[in-house]
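Chemist: Take a look at the following structure, please.
Each reported figure results from applying straightforward, stated rules to the coordinates on display, with no laboratory input. Worth saying up front: this structure is predicted, and the values here are computed from it rather than measured. Heads up, the Cβs are rebuilt from the backbone with ideal geometry, glycines too, and the neighbour counts pull from every protein chain shown.
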């Protein structure tokens, strides 16, 4: 069994939560919530790609 990469798992969960928040904001008809959720998805996904690149460069991935 492979080891679980905890930081990447947490980033993936955070991204999924942000995507769910977009749906909640749409349901609430909150334009501000929709915009903030989309920005959060972009930031968290970018953090995930940056972390993955650093881990690959350090030989941990």
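Chemist: If I filter the stretch 23-54 down to residues being surrounded by fewer than 13 Cβ atoms within 10 Å (Cβ to Cβ) and under 16 Å from the mean Cα position of the chain (by Cα), which single residue comes out as farthest from residue 12 (Cα to Cα)?
Modeler: Checking each candidate, the answer is 35.
Chemist: Here is a follow-up. Go through the stretch 1-44 residue by residue and tally those that are touching a residue at least 24 places away in the same chain (Cβ under 8 Å) and part of a loop (DSSP other than H, G, I, E, B).
Modeler: So in the stretch 1-44, the residues touching a residue at least 24 places away in the same chain (Cβ under 8 Å) come out as 5, 7-8, 11-12, 14-15, 18, 41, 44.
Then keep just the ones that are part of a loop (DSSP other than H, G, I, E, B); that gives 5.
Qualifying residue count for the region: 1.
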